[in-house]
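The values are calculated or read from the model by the stated rules, or taken from the named source; none is laboratory data. Values in this document were obtained by computation on a predicted structure and should not be read as measured data. We place every Cβ from the backbone using ideal geometry, glycine too, and count neighbours over all the protein chains shown. Each accessible area value is taken on the protein alone, full model and side chains, heavy atoms only, with ligands, DNA and RNA left out. Shrake-Rupley method; radii C 1.70, N 1.55, O 1.52, S 1.80 Å.
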Amino acid sequence: MRKYLPTILLIVGASMAAFLYIVSTNSMIPLSTLNQESPTNPEPLPRTSEQSTDSPTSHLDKQLTTTSPTESNRVSDPRAVLLYEKGLKLYYQRRFPEALVFFNQALQIDDLCYEALNAKGATLAFQGQHDQGLALIKQALDLNPTFVYANFNLGLAYELAGKWDDSIASYQKALQLDDQDTWSYYGIASIYGRQGNVEKVLVYLEQAIALDPDVKSVARSEHDFSPVQHDPRFQALVKP
């Protein structure tokens, strides 16, 4: 989350990356409807302390990554993109039912608006409708394979569904498209944290911190890292 919305309060949780993706200065909140590009790093929605480590809420706030349209990527109707951006702001606030209203309105205008398909998919995934959410995000990627935010959200949706290998693969795809995508590194680190794989946690978390030092404070309160939080190397990495 590096090039997007203004920096926002970081949130804790298994999906912290999702929320932080959007909240960090790199978050992908689409503020550029006129140029019809989706924000590069959507902010991940913050994860609350009551959420289990199996629900990557923190990833919601991850900011979307903006991608430049290519000849193979469809350009969405500007009216639909405007509604999508309004819904995205509500999504970042975790006001999912209200966000869905705008995403659906966007899709009524342009049923192939990949930005709205991606955001609706992530919203449904957060509400437990994993299969439907994954299908929508994949549809968005069929329309724009280089949309970093959709690749990130695919990883998030898989993570929410408990499909960790698929989640890591999707985050890796996002990183192939944008190796500065802080919260994809963080998302991978958080999954390895839940698995207790401290070696892999250190590799990916270090890269996330190198891109955004504020990741340290997020990681210190991230429940996903509980299995490795007492490792001296982890403590040294996230110390203030």
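General observations
- Failed condition for residue 170, given (1) more than 23 Å from residue 94 (Cβ to Cβ); (2) open to solvent by less than 40 Å² (accessible area, probe 1.4 Å): (1)
- Residue in the range 189-202 that is free of Cβ contacts under 8 Å to residues at least 12 places away in the same chain and either surrounded by 24 or more Cβ atoms within 10 Å (Cβ to Cβ) or part of a helix (DSSP H, G or I) (or both) present: yes
- Checklist (1) of a type outside the set (A, V, I, L, M); (2) open to solvent by 70 Å² or more (accessible area, probe 1.4 Å); (3) within 19 Å of residue 239 (Cβ to Cβ) applied to residue 180, failing item: (3)
- Residue 107 being outside any helix (DSSP H, G or I) and at pLDDT 95 or above: no
- Among the residues making up the range 143-165, those that are surrounded by fewer than 24 Cβ atoms within 10 Å (Cβ to Cβ), touching a residue at least 12 places away in the same chain (Cβ under 8 Å) and part of a helix (DSSP H, G or I) are 143, 164.
- For the range 88-99, a tally of residues being buried (at least 17 other Cβ atoms within 10 Å of the Cβ) and either in contact (Cβ under 8 Å) with a residue 24 or more places away in the chain or not in a helix (DSSP H, G or I) (or both) returns 7.
- Checking each residue in the range 208-234 for being open to solvent by 60 Å² or more (accessible area, probe 1.4 Å) and out of contact with any Lys or Arg (no Cβ under 9 Å at 6 or more places or on another chain) picks out 210, 213, 214, 230, 232, 233.
- Whether a residue is among the charged types (D, E, K, R), in a helix (DSSP H, G or I), at pLDDT 95 or above and crowded, with 18+ Cβ neighbours inside 10 Å was assessed, and residue 138 does not pass this test.
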